[in-house]
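Novice: The structure under discussion is supplied below as structure tokens; questions concerning it will follow.
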Amino acid sequence: MGEVTELAPTPVEIGDKVVEIRTFSLSQNGVTVERSSLGASIARFLVPSAADEGTDDIVLGLQSPKDML
């Protein structure tokens with residue numbers, strides 16, 4: 001069975017308010033997907049690397065939740 005982990009929230013300033021964007025990591029069989037509470041966006045999708053022992057992020061996206069606003 002896979003593993004679900006809630007990561008530390010990212011505070012994002014919107015006007016005069018600070019909103020926390022929550023991120024969740026779902027992992028199984030060497031594949032990890034991170035999704036955010038910001039429209040259930042997929043932030044990262046890590047798969048085992050063909051070149052080495054690491055992983056490759058196959059999502060073309062933004063570096064931080066603030067960039068998504």
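Novice: Determine Rg/Rh for the chain; Rg is computed over alpha-carbon atoms and Rh is the Kirkwood hydrodynamic estimate from the same atoms. Can you show the working numbers first?
Specialist: Values: Rg = 13.7 Å, Rh = 13.1 Å.
We get a ratio of 1.04 for the chain.
Novice: Carbon and sulfur atoms: what percent of the 1.4 Å accessible area of the chain do they account for?
Specialist: Numbers: 2720 of 5130 Å².
Roughly 53 percent, rounded to a whole number.
Novice: Could you report the chain's accessible area per residue, 1.4 Å probe, as an integer in Å²?
Specialist: Numbers: 5130 Å² over 69 residues.
About 74 Å² of surface per residue is accessible.
Novice: Here's a follow-up. What percent does the relative contact order of the stretch 4-45 come to when contacts are Cα pairs within less than 8 Å and at least six residues apart?
Specialist: On the way: 71 pairs, mean separation 12.2, N = 42.
Reported as a whole number, the value is 29 percent.
Novice: For a quick check: with amide H placed at 1.01 Å from N, whose amide H comes under 5 Å from Ile21's, ignoring anything fewer than 5 positions away on the same chain?
Specialist: The list, which skips near neighbours in sequence, is Thr10, Val12.
The values are calculated or read from the model by the stated rules, or taken from the named source; none is laboratory data. Fair warning: this is a prediction, and the values are worked out from it, not measured in the lab. Keep in mind that these areas ignore ligands, DNA and RNA; they rest on the heavy atoms of the full protein, side chains included. Shrake-Rupley method; radii C 1.70, N 1.55, O 1.52, S 1.80 Å.
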